[in-house]
Amino acid sequence: MLTPVTDPDGAPFWQYAAQGELRVQACADCGELRFPPRPCCPHCRSFDTEWHLTDGRGRVWSYAVPHPPLLPDYAAQAPYNVVVVELEEAPRIRLVGNLVSEAGAALNSLDPHRVRIGARVHAVFSDGLVQWMLS
Ligand SMILES: [Zn+2]
């Protein structure tokens, strides 16, 4: 399993995920939500940032089913899905992850044939990582 590589801008995202919260940056001046984390608001150029608690609900915007050749640890789990989820409350925010059968389940725990663009999903958390489940 890959572990997050954090930087000063993105570290809070992972800290909140470890608490079971899906938060994204919000501009403290204009309220614009943004992801991935970065120091400056692309809307008003403010450097004042808050972390907005989302409800963790989204839709599958796109997905892929990787097949070998893959790195050995991933080849052993293929086929599995990689989804791009757009948040319901901020559709311009899209997060990459995996759709699983339950929190903490393996990458290949959900039959890739069950993944559909537009499917409603919600975030689940395991070992500080964000995963997605069908709603
Ligand atoms: Zn702003």
Among (1) under 26 Å from residue 115 (Cβ atoms); (2) within 16 Å of the ligand (Cβ to nearest atom), residue 56 falls short only on (2)
*Test residue 86 against the criterion of being modelled with pLDDT of 95 or more, within 16 Å of the ligand (Cβ to nearest atom) and surrounded by 12 or more Cβ atoms within 10 Å (Cβ to Cβ), and give yes or no.*
no
Expected single match for modelled with pLDDT under 95 and not charged (D, E, K, R) among 28, 76 is 76
Of all strands (runs of 3 or more DSSP E) fully inside the range 1-64, the set with 1 or more residues that are over 14 Å from the mean Cα position of the chain (by Cα) and either at positive phi or surrounded by fewer than 16 Cβ atoms within 10 Å (Cβ to Cβ) (or both) is 49-53, 57-64
Picking from 93, 117, the residue that is of a type in the set (A, V, I, L, M) and either modelled with pLDDT under 95 or in a loop (DSSP other than H, G, I, E, B) (or both) would be 117
Here the residues within the range 105-120 that are closer than 18 Å to residue 57 by Cα and not basic (Lys, Arg) are 115, 117, 118, 119
Next item on the list: Determine if the range 81-88 includes at least one residue that is closer than 16 Å to residue 124 by Cβ, part of a loop (DSSP other than H, G, I, E, B), in contact with a Lys or Arg (Cβ under 7 Å, 6 or more places away or on another chain) and not aromatic (Phe, Trp, Tyr).
Entry: yes
Of the residues in the range 17-39 that are small (Gly, Ala, Ser) and more than 15 Å from residue 92 (Cβ to Cβ), the one that is nearest to the ligand (Cβ to nearest atom) is 28
Restricting the range 89-114 to residues that are touching a Ser or Thr at 6+ places or on another chain (Cβ under 6 Å) and crowded, with 18+ Cβ neighbours inside 10 Å, the one farthest from residue 130 (Cα to Cα) turns out to be 110
Residue hits (the range 65-80; in a loop (DSSP other than H, G, I, E, B) and over 19 Å from the mean Cα position of the chain (by Cα)) are 67, 68, 69, 70, 71, 76, 77, 78, 79
Residue 46 meets each of (1) at pLDDT below 95; (2) within 16 Å of the ligand (Cβ to nearest atom) with one exception, condition (1)
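The values are calculated or read from the model by the stated rules, or taken from the named source; none is laboratory data. The shown structure was predicted, so the numbers you read here are calculated from the model rather than taken from an experiment. Methodologically, a virtual Cβ is constructed for each residue, glycine included, from the backbone with ideal geometry; neighbour enumeration extends over all protein chains shown.
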